[in-house]
1. Just name the residue that is least open to solvent (accessible area, probe 1.4 Å) out of those in the range 47-67 that are in a helix (DSSP H, G or I) and without any contact (Cβ under 8 Å) to a residue 12 or more places away in the chain.
2. Looking at V35, V41, V80, which is the one that is at pLDDT 90 or above, open to solvent by 60 Å² or more (accessible area, probe 1.4 Å) and touching a strand residue (DSSP E or B) at 6+ places or on another chain (Cβ under 8 Å)?
3. Filter the range 112-127 down to residues that are open to solvent by 30 Å² or more (accessible area, probe 1.4 Å) and either assigned to a loop (DSSP other than H, G, I, E, B) or touching a strand residue (DSSP E or B) at 6+ places or on another chain (Cβ under 7 Å) (or both) and give me whichever is farthest from V78 (Cα to Cα).
4. The conditions are (1) open to solvent by 70 Å² or more (accessible area, probe 1.4 Å); (2) in contact with an Asp or Glu (Cβ under 6 Å, 6 or more places away or on another chain), and S72 fails exactly one of them. Which is it?
5. Given the criteria outside any helix (DSSP H, G or I) and either open to solvent by 80 Å² or more (accessible area, probe 1.4 Å) or charged (D, E, K, R) (or both), does N109 qualify?
6. Would you check if there is a residue in the range 139-153 being farther than 14 Å from A105 by Cβ, out of contact with any Lys or Arg (no Cβ under 7 Å at 6 or more places or on another chain) and in contact (Cβ under 8 Å) with a residue 24 or more places away in the chain?
7. Do you know which residues across the range 134-162 are open to solvent by 70 Å² or more (accessible area, probe 1.4 Å) and within 28 Å of I92 (Cα to Cα)?
8. So how many residues does the range 68-102 have that are of a type outside the set (G, A, S), more than 13 Å from the chain's Cα centre (by Cα) and in a helix (DSSP H, G or I)?
Amino acid sequence: MNEVSAYLAEGLDYPRFKKHFSEFIGIGDNGHLWVEGRDVVELADTFGTPLYVISENQFRHNYRRFRDAFASRYPKSVEVLFANKCNNGIAIRHIMNQEGAGGDAFGINEMYLALLAGTDPKTLVLNGSNKGVEEIEMAIVNGICINIDAMDELDMIEAAAE
C-alpha cells in the first residue's frame, strides 16, 4: 500500500479498513472481511456459498503496478500479454482490455473467449506446441500473431493463408 498515491489519479477508490490484507481487501469496523465496499458475510448471505469474489479494483491496481514496473525500466517497449488461461472469465478479459493488456492464447478456446470479450486481435498471440489447423486458421482469419513453435506449423500457416 506504499504506492497507493501513484494510482489515485487513475480513478481507483481506495477504502480504509481496520486491517488491510491488500489495497482493496481487509477487515472492516464490524470485524468482517470486506472486499472493496462489500461485506463478505452479507455477500455470502445474499448469494450463498461457495462464492467466488474478486476485487476489480485490486485486479486493476496489481496490473498497473506490474505494467509500470516494466515500463519504468523499458520505456516505450513494454506490452503486457495477459495469460488468458489463468482466468478465462469474459469479465476478467474485458478488464484487461480496458487496461490495455494484450493476451496470450493457448488454443482455439482461449482465442475465442478473448475475441468474444472484445480483445483487439492485433494484441493477441497464439502460443503452444501442437497447434492444429483450426487454431491456425482462426488466428489468420482474425489477424492474430502466431508464435511458431515447430517447422511444420509453417506449412499449415502457408496453406491456411492461401
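The values are calculated or read from the model by the stated rules, or taken from the named source; none is laboratory data. Every value quoted in this text rests on a predicted model; they were computed, and no experiment measured them. When we count neighbours, we look across all protein chains shown, and the Cβ atoms used for this are built from the backbone with ideal geometry, even at glycine. Note: areas computed on protein heavy atoms with side chains; ligands, DNA, RNA excluded. Shrake-Rupley method; radii C 1.70, N 1.55, O 1.52, S 1.80 Å.
1. So the first thing to find is which residues in the range 47-67 are in a helix (DSSP H, G or I), and the list is 47, 56-67.
Next cut, without any contact (Cβ under 8 Å) to a residue 12 or more places away in the chain only: 47, 62.
On the way: F47: 136, N62: 77 Å².
Out of the qualifying residues, it is N62.
2. On the way: V35 fails: open to solvent by 60 Å² or more (accessible area, probe 1.4 Å); V80 fails: open to solvent by 60 Å² or more (accessible area, probe 1.4 Å).
From the options V35, V41, V80, the qualifying one is V41.
3. Taking the range 112-127 and keeping what is open to solvent by 30 Å² or more (accessible area, probe 1.4 Å), we get 112-113, 115-116, 118, 120-123, 127.
Those left that are additionally either assigned to a loop (DSSP other than H, G, I, E, B) or touching a strand residue (DSSP E or B) at 6+ places or on another chain (Cβ under 7 Å) (or both): 118, 120, 123, 127.
On the way: G118: 21, D120: 17, T123: 12, N127: 19 Å.
That would be G118.
4. Status for S72: all satisfied but (2).
5. Working: outside any helix (DSSP H, G or I): no; either open to solvent by 80 Å² or more (accessible area, probe 1.4 Å) or charged (D, E, K, R) (or both): yes.
It is false that N109 is outside any helix (DSSP H, G or I) and either open to solvent by 80 Å² or more (accessible area, probe 1.4 Å) or charged (D, E, K, R) (or both).
6. No, the range 139-153 contains no residue that is farther than 14 Å from A105 by Cβ, out of contact with any Lys or Arg (no Cβ under 7 Å at 6 or more places or on another chain) and in contact (Cβ under 8 Å) with a residue 24 or more places away in the chain.
7. Of everything in the range 134-162, those that are open to solvent by 70 Å² or more (accessible area, probe 1.4 Å) and within 28 Å of I92 (Cα to Cα) turn out to be E134, E137, V141, C145, I148, D149.
8. 3
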